[in-house]
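Okay, structure first, notes after.
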Amino acid sequence: MIDPEGPLLLEGPVRIELPDGRTACSDRFMVAVCTCRRSKRYPWCDTSHRRRPRRPRPSADEGRDAPPAARSGA
């Protein structure tokens with residue numbers, strides 16, 4: 001599973017085709033590719049994802065047994 005709040009680590013070398021048709025290349029042995037799109041060096045990660053706290057992810061069964069008022073936070 002790819003985490004949209006952090007980088008995707010790939011073994012290099014890497015060649016990425018960007019949506020606008022340009023190609024980004026890296027010859028490094030390990031490459032961090034940005035998945036959050038906050039990087040100023042996109043498509044490469046510059047750790048910009050660390051500047052914003054992560055949002056907690058609800059579990060699949062979280063809140064199922066609670067009454068509707070408890071689930072809505074009221």
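The values are calculated or read from the model by the stated rules, or taken from the named source; none is laboratory data. What you are looking at is a predicted structure, and each value in this text was computed from that prediction instead of being measured. Backbone-built Cβ (ideal geometry, glycine too); neighbour counts: all protein chains shown.
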| For residues in region 23-42 being without any contact (Cβ under 8 Å) to a residue 24 or more places away in the chain and touching a Gly at 6+ places or on another chain (Cβ under 9 Å), which is surrounded by the most Cβ atoms within 10 Å (Cβ to Cβ)? | Val31
| task | Considering each of Asp46, Asp65, Asp3 in turn, give the residue that is at pLDDT 85 or above and exposed (fewer than 15 other Cβ atoms within 10 Å of the Cβ). | result | Asp46
